[in-house]
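J.: Okay, handing you the structure first.
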Amino acid sequence: MNDKAVSIIGEIRKVIHGKDEVIRQTLCAILAGGHVLLEDIPGVGKTTLAVAISRALSLKYRRVQFTPDVLPSDLLGFNLFDRESNSFRFQEGSIYTNLFLADEINRTSPKTQSALLEVMEERQATVEGETRKLPDPFFVLATQNPFGSSGTQRLPESQLDRFMICLSMGYPEFSDAVAVLKGDSSLDLKQVIPVVSAEELLAMQQTVHDLYADDSILEYIVRLTETTRTPDYFSLGLSPRGSIALLKMARANAFIAGRNYVIPEDIHDIFRPVCIHRVHLNARARAEGEDLPSLLDKVLRQVAIPKVNP
């Protein structure tokens, strides 16, 4: 594995026990320049994961607890009249940071959720006709409670598609739960030390972006994408943005593994978290008792795996 990636993962593991795959895939998304959606019940460590990542990567971090009364101006900022200078000055919102944690994003109003769309896609915010660039690097790590929980509503497909991956941490295993009780998360977080600077992270992102992917890999991604668009089981297939996310995540996975080229197994490792929030089951699949994870695994089995010469 890549030495820096190993060190970063090791720091995060000080406070997140037994969730190595979640840590790895989250780091993949960050190296690929994407945003992460964590769908889970409260209290399983989502906020702790975000704080640990920000410390290990030397990132400025801000958190907003989303409620129905959070306004777009709370995120994007607003112009405030200054009596002393007799002029307006811009008051920054919470979004001007490196790592923005949108906690329980599906509890706020659609208007506030839509304010994040430009921010997530363009890395800029427009307030009263003036556009301002966000810090670089910039990531959104959003959490949402399972749909049906009190006060929640579904995120629109256009916003879900902006998240590179969707993950679920789940309950810890028995031994990991004991380790959590032995520690103190507030004290353990202070033990997480920076591994790379923000500038080094940007350099790692550029290395991931330039990592070699053979034409056979690109064709494999397109075949997988087209298979999710068949009407047999899916009513909504993977979008072109989803295909790009597969390639970016596969490159990041290869980088963490210590390779400078992509192999089909890199796609297999990240296929489910990239696709699971982007595709929908149709009525037939639901009637037959199918679920998304098993159908996505079936897609991987159906499409022939290419042979890649590094």
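J.: For region 91-98, does any single residue satisfy the condition of being of a type in the set (Ser, Thr, Tyr), more than 14 Å from SER73 (Cα to Cα), out of contact with any Cys (no Cβ under 7 Å at 6 or more places or on another chain) and part of a loop (DSSP other than H, G, I, E, B)?
T.: So far as region 91-98 goes, yes, one or more of its residues are of a type in the set (Ser, Thr, Tyr), more than 14 Å from SER73 (Cα to Cα), out of contact with any Cys (no Cβ under 7 Å at 6 or more places or on another chain) and part of a loop (DSSP other than H, G, I, E, B).
J.: Output yes when any residue across region 280-294 is in contact with a Gly (Cβ under 9 Å, 6 or more places away or on another chain) and either crowded, with 19+ Cβ neighbours inside 10 Å or at pLDDT below 95 (or both), and no when none is.
T.: So far as region 280-294 goes, yes, one or more of its residues are in contact with a Gly (Cβ under 9 Å, 6 or more places away or on another chain) and either crowded, with 19+ Cβ neighbours inside 10 Å or at pLDDT below 95 (or both).
J.: If you take the residues in region 120-165 that are at pLDDT 85 or above and aromatic (Phe, Trp, Tyr), which one is surrounded by the fewest Cβ atoms within 10 Å (Cβ to Cβ)?
T.: The residue in question is PHE138.
J.: Still on this model: Closer than 22 Å to TYR61 by Cβ, outside any strand (DSSP E or B), touching a residue at least 60 places away in the same chain (Cβ under 8 Å) and in the same structural domain as ILE53 (by TED's automatic domain parsing): does that describe PRO172?
T.: no
J.: Same structure again: With the requirement that a residue be in contact with a Lys or Arg (Cβ under 7 Å, 6 or more places away or on another chain) and among the basic types (Lys, Arg), what does region 103-117 give you?
T.: none
J.: Name the residues in region 54-102 that are of a type in the set (Asp, Glu) and over 20 Å from PRO135 (Cβ atoms), would you?
T.: ASP69, ASP82, GLU84
J.: Please give the number of the condition SER158 fails out of (1) part of a helix (DSSP H, G or I); (2) closer than 30 Å to GLY77 by Cβ; (3) in contact with a Lys or Arg (Cβ under 8 Å, 6 or more places away or on another chain); (4) of a type in the set (Ser, Thr, Tyr).
T.: Unmet for SER158, out of (1) part of a helix (DSSP H, G or I); (2) closer than 30 Å to GLY77 by Cβ; (3) in contact with a Lys or Arg (Cβ under 8 Å, 6 or more places away or on another chain); (4) of a type in the set (Ser, Thr, Tyr): (3).
J.: Mind checking whether some residue in region 218-231 is at pLDDT 95 or above, farther than 23 Å from ARG162 by Cα and hydroxyl-bearing (Ser, Thr, Tyr)?
T.: no
J.: Let me ask something else about it. I need a count of the residues in region 1-28 that are in contact with a Phe, Trp or Tyr (Cβ under 8 Å, 6 or more places away or on another chain) and either at pLDDT below 95 or under 14 Å from LEU99 (Cα atoms) (or both).
T.: Of the residues in region 1-28, 1 are in contact with a Phe, Trp or Tyr (Cβ under 8 Å, 6 or more places away or on another chain) and either at pLDDT below 95 or under 14 Å from LEU99 (Cα atoms) (or both).
J.: Answer with yes or no whether SER168 is farther than 26 Å from PHE271 by Cα and either surrounded by 12 or more Cβ atoms within 10 Å (Cβ to Cβ) or not acidic (Asp, Glu) (or both).
T.: Working: farther than 26 Å from PHE271 by Cα: no; either surrounded by 12 or more Cβ atoms within 10 Å (Cβ to Cβ) or not acidic (Asp, Glu) (or both): yes.
So SER168 fails the test.
J.: Further question: Go through region 58-87 and give me each residue that's touching a residue at least 24 places away in the same chain (Cβ under 8 Å) and either in a loop (DSSP other than H, G, I, E, B) or not assigned by TED's automatic domain parsing to the domain that holds GLN144 (or both).
T.: SER58, LEU59, LYS60, PHE66, THR67, PRO68, VAL70, LEU71
J.: If you take just the helices (runs of 4 or more DSSP H) that sit entirely in region 190-305, which of them hold at least 3 residues that are of a type outside the set (A, V, I, L, M, F, W, C)?
T.: Correct list: 198-209, 215-227, 240-257, 264-275, 292-302.
J.: Of all residues in region 20-57, which are assigned to a helix (DSSP H, G or I), of a type outside the set (A, V, I, L, M) and in contact (Cβ under 8 Å) with a residue 12 or more places away in the chain?
T.: Within region 20-57, ARG24, GLN25, THR26, CYS28, LYS46, THR47, THR48, SER54, ARG55 meet the criteria.
J.: I want to confirm something. Restricting to region 37-54 and keeping residues that are of a type in the set (Gly, Ala, Ser) and either surrounded by 18 or more Cβ atoms within 10 Å (Cβ to Cβ) or on the phi < 0 side of the Ramachandran plot (or both), which single residue is modelled with the lowest pLDDT?
T.: The extreme case among them is GLY45.
J.: Based on what the data block shows, is LEU101 outside any loop (DSSP other than H, G, I, E, B), closer than 30 Å to VAL196 by Cα and either not assigned by TED's automatic domain parsing to the domain that holds THR47 or not β-branched (Val, Ile, Thr) (or both)?
T.: Spelling it out, LEU101 is indeed outside any loop (DSSP other than H, G, I, E, B), closer than 30 Å to VAL196 by Cα and either not assigned by TED's automatic domain parsing to the domain that holds THR47 or not β-branched (Val, Ile, Thr) (or both).
The values are calculated or read from the model by the stated rules, or taken from the named source; none is laboratory data. The structure presented is a predicted model; accordingly, all values stated were derived computationally and were not measured. In this analysis, Cβ positions are derived from the backbone assuming ideal geometry, glycine residues included, and neighbour counts consider all displayed protein chains.
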